[in-house]
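See structure below.
Each value in this text was obtained by applying a stated rule to the coordinates, not by laboratory testing. It should be emphasised that the depicted structure is a prediction, and the values quoted were computed from it without experimental measurement. Glycine gets a Cβ as well: all are built from the backbone with ideal geometry, and neighbour counts include every protein chain shown.
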């Protein structure tokens, strides 16, 4: 995979052959389609989060990085319902490249 950010460096990735039940694959594919991503991108994100589960609060690390890059704005608003949160997240479609860069930076620091 060729990266177009940070001096156009080449990133090497490993392939993982993973056998999953048809029903699980269908659920992954449906979620990936809803989010406008590939099954591979979704599975990579899920596996990355699962592996980090024992390494502390990953979301706090990502929030700190986003704040440092000026793309996170603190809010003092009241908590919202799951439905409102879901609609807000759906409305952020297209911000993937910025988030991908933050996640890549977080991975490189480990």
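Assorted remarks:
- Ranking of 46, 103 by count of other Cβ atoms within 10 Å, fewest first: 46, 103
- Percentage relative contact order, the range 22-108, counting C-alpha pairs under 8 Å, at least six apart: 27
- Cα gyration tensor shape of the range 48-110, rounded if a/c is under 1.5, else prolate or oblate by comparing a/b with b/c: prolate
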